[in-house]
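S.K.: Have a look at this one before I ask anything.
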Amino acid sequence: IPSKIIKNGNLSSLQLESIAYANLRFSKRLPDGKRYGFFIGDGAGMGKGRQLAGIIAQQIGQGNLKHVWISVSNDLRFDAERDLNDVGAGQVTVLPMNKQDYKPLRLDRGVIFSTYASLISASKEKVKRKRIDQLVTWCGGEKFQGCIMFDESHKAKNLFASGSGAKPTKVGQAVLEIQRLLPNARIVYCSATGASEPRHFGYMERLGLWGSHPGAPFPNFEVFLDEVESRGVGMMELVAMHLKQQGALVCRALSFKNCTFELIDGVMDAHVERVYDRAAEIWD
């Protein structure tokens, strides 16, 4: 990252901390050879998008010139471009996936921006061509060492749905599939609400919470799910503490110190009452 970006304060010390932790995490490997991932669980207002952009900028500086940014809305591409520009990577091309056909992507270097909806889409031909296959081909398969940014990653949390007869979501399956097809990718999960239940961790294979490697608390996901669900919220807190201790998670929130508020009674006039009554008729 250019030194002037840091001197100008474009990245806060907490945002730089995330970038440093992520880079350290990427240097480690799971027993099956896959690269460890990183989880940004900061609350609203901490600048999670800026942190994702900073990680990409840092990787570009190391020579990794292809990256993938997946989020919930096509409009968020403009926020991604703004954040990349603010961290000194404004020269990087951000290509919207939804504007491309299903032919091989013509971009030698840059960021492919996709929504989760685009990730699970396919052509309408008899022999369907899938977006996820197109994306993996552009990345270069197992050789790919760039970043896969799962912004608002909670969209994949229902990979292991609860309830009898419940099926996994297509988004959850696609998020898991692309991680397995790109074992050397630098995976970042980013969400303020990434996992409110133990089963929501199912798509986050790269955190190393289960497996045969030293330091893994559980042998597989099924055991993890059973053990954590049976022990409640306290066990979830221990999982978070373990991830922080391993350098796999940052989870900060803005302080409300010195914040004040005032309760004000709003009195409707005749016009506002009419507007409210008309709106209420929708539900009548």
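The values are calculated or read from the model by the stated rules, or taken from the named source; none is laboratory data. In this text, all values refer to a predicted model and were calculated from it rather than measured experimentally. Every residue, glycine as well, gets a Cβ built from its backbone with ideal geometry; the counts of neighbours run over all protein chains shown. Remember, those area values only see protein heavy atoms, side chains included, never the ligands or the DNA or RNA. Shrake-Rupley method; radii C 1.70, N 1.55, O 1.52, S 1.80 Å.
S.K.: Work out the FRET efficiency for Asp277 and Arg82 from their Cβ-Cβ distance, taking R0 = 41 Å, and round it to the nearest 0.05.
M.R.: E(calc), rounded to 0.05, equals 0.50.
S.K.: Of the listed pairs Lys4/Lys48; Lys66/Lys99; Lys157/Lys244; Lys48/Lys143; Lys103/Lys126, which have alpha-carbon separations greater than 24 Å here?
M.R.: Cα-Cα > 24 Å for Lys48/Lys143; rest within.
S.K.: For Lys257, give me every one of the aspartates and glutamates with a C-alpha distance below 14 angstrom, ignoring sequence neighbours fewer than eight places off in its own chain.
M.R.: Straight-line reach from Lys257, under 14 Å: no aspartates and glutamates qualify.
S.K.: Keeping every protein chain present and rolling a 1.4 Å probe, give me the accessible area per residue for the stretch 1-103 in Å².
M.R.: Per-residue value: 45 Å².
S.K.: In the chain, what percentage of the DSSP-assigned beta bridges are antiparallel, given to the nearest 5?
M.R.: Numbers: 2 of 25 bridges.
About 10 percent, rounded to the nearest 5.
S.K.: Which entry is the computed P(r) over Cα pairs in 5 Å bins from 0, in percent for this structure: (1) 1, 5, 9, 11, 13, 13, 13, 10, 8, 6, 4, 3, 2, 1, 1, 0, 0, 0, 0; (2) 1, 5, 11, 15, 16, 14, 11, 9, 6, 5, 3, 2, 1, 0; (3) 1, 5, 11, 15, 14, 11, 9, 8, 7, 5, 4, 4, 3, 2, 1, 0, 0?
M.R.: Matching the structure shown: (2).
S.K.: Right, next: Treat each spin label as a single point 7 Å out from the Cα along the C-beta direction, and report the Ser27 to Ser73 distance in nm.
M.R.: Output for this residue pair reads 3.8 nm.
S.K.: What share of Cα pairs, in percent, lie more than 25 angstrom apart in the stretch 172-284?
M.R.: Working: 2952 of 6328 pairs.
Distances greater than 25 Å cover 47 percent of the Cα pairs.
S.K.: Please list Tyr21, Tyr276, Tyr189 in order of solvent-accessible area, largest first, computed with a 1.4 Å probe with all protein chains present. Could you put the intermediate results ahead of the total?
M.R.: Working: Tyr21 95, Tyr276 135, Tyr189 0 Å².
These residues rank, largest area first, as Tyr276, Tyr21, Tyr189.
S.K.: Another question, if that's okay. Expressed as a whole number of Å, what is the distance separating the alpha-carbon centroids of the stretch 14-60 and the stretch 119-194?
M.R.: Measuring centre to centre over Cα atoms gives 18 Å.
S.K.: Can you give the FRET efficiency for His213 and Phe261, using 1/(1 + (r/R0)^6), R0 = 51 Å, r = Cβ-Cβ distance, to the nearest 0.05?
M.R.: After rounding, the FRET efficiency stands at 0.60.
S.K.: Now a separate question. In whole percent, and with a 1.4 Å probe on the protein chains, what portion of the accessible area of the stretch 122-255 is carbon and sulfur?
M.R.: Answer for the stretch 122-255 is 52 percent, counting heavy atoms of protein chains only.
S.K.: Using amide H atoms built in the peptide plane, which far-off residues or other-chain residues are under 5 Å from Lys28 H to H?
M.R.: It is Tyr36, by chain and number.
S.K.: Here is a further query. Taking a quarter of the surface of the convex hull around the Cα atoms of the stretch 1-158, what do you get in nm²?
M.R.: Spelled out: convex hull of the Cα atoms, projected over all directions, averaged, 10.3 nm².
S.K.: Let me know the charge dipole size of the stretch 50-192 about its Cα centre in debye, to the nearest 20, where only the beta-carbon of Lys, Arg (+1) and Asp, Glu (-1) is charged.
M.R.: Magnitude of the dipole: close to 580 debye.
S.K.: Per residue of the stretch 233-240, in order, report the coupling 6.51 cos²θ - 1.76 cosθ + 1.60 (Karplus, θ = phi - 60°) as ³J(HN,Hα) in whole Hz, putting x for Gly and Pro.
M.R.: 4, x, 5, 4, 5, 5, 4, 4
S.K.: So what is the orientation-averaged projected area of the stretch 109-245, using the convex hull of its C-alpha atoms, in nm²?
M.R.: About 10.1 nm², averaged over all directions.
S.K.: Further, regarding this structure: About the Cα centre, and with charges only on the beta carbon of Lys, Arg (+1) and Asp, Glu (-1), how big is the dipole of the stretch 208-284? Nearest 20 debye, please.
M.R.: Its charge dipole is roughly 640 debye.
S.K.: If you place +1 on the Cβ of every Lys and Arg, -1 on the Cβ of every Asp and Glu, and leave all else neutral, what size is the dipole of the stretch 149-260 about its Cα centre, to the nearest 20 Debye?
M.R.: That gives the stretch 149-260 a dipole magnitude of about 320 debye.
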